[in-house]
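Worksheet for the structure shown next.
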Amino acid sequence: MVLTIGLDEKTSNELQQIARVRSVEPAVLAQRAIRSFLHAEAKRVIQQEAEAFERLYPELLERMPGDFVAIHQGQLVDHGADQLALFLRVEATYGGQPVLIRQVRSEVEQTITCRQFYV
């Protein structure tokens, strides 16, 4: 699917000027900028989901210790002992949307894993 996006004159002129300086097509430059924005947005969303995980953690640890959990829009949406099976269910349900998958462990994790899919 191709999406056509209109730009105001000022933005269009600036984009064309930078594209000339860098010797690239304006469409390539615009696509790079949009991909960068999408990546930053996905990271922002995953950070919010990590904060939701921390908020839900006491209940998750009590109800499903050791399980992998999927957090989407601040809510627990699925869980299970098999990480791959959970991932496949999440992917089938939420497609390319950012969803945090993390194991509920008694020790606090410091690493956040971000997965992103673009169509």
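The values are calculated or read from the model by the stated rules, or taken from the named source; none is laboratory data. This one's a predicted model, so the numbers in the text were calculated from it and none came from an experiment. Please note: Cβ atoms are built from the backbone with ideal geometry, for glycine as well, and neighbour counts cover all protein chains shown.
I'm trying to understand the selection: among the residues of the range 78-97, which are aliphatic (A, V, I, L, M), surrounded by fewer than 17 Cβ atoms within 10 Å (Cβ to Cβ) and either part of a loop (DSSP other than H, G, I, E, B) or in contact (Cβ under 8 Å) with a residue 12 or more places away in the chain (or both)?
A81, the sole residue that qualifies.
Quick one: which of V45, V28 is surrounded by 12 or more Cβ atoms within 10 Å (Cβ to Cβ) and not aromatic (F, W, Y)?
V45
Could you list, in sequence order, all residues of the range 95-113 that are modelled with pLDDT of 60 or more and closer than 24 Å to P65 by Cα?
Listed by number, the residues that qualify are P98, V99, L100, I101, R102, Q103, V104, R105, S106, E107, V108.
Given (1) under 21 Å from the mean Cα position of the chain (by Cα); (2) surrounded by 14 or more Cβ atoms within 10 Å (Cβ to Cβ); (3) in a helix (DSSP H, G or I), identify the lone condition not met by I71.
(3)
Which members of the range 26-48 meet the condition of being more than 13 Å from L15 (Cα to Cα) and free of Cβ contacts under 8 Å to residues at least 12 places away in the same chain?
S36, F37, A40, E41, R44
How many residues does the range 14-34 hold that are charged (D, E, K, R) and within 23 Å of the chain's Cα centre (by Cα)?
1
Within the range 76-102, which residues are among the aliphatic types (A, V, I, L, M) and within 16 Å of L38 (Cα to Cα)?
V99, the sole residue that qualifies.
Report yes if some residue within the range 28-50 is outside any strand (DSSP E or B), among the acidic types (D, E) and more than 30 Å from G6 (Cβ to Cβ); otherwise report no.
yes
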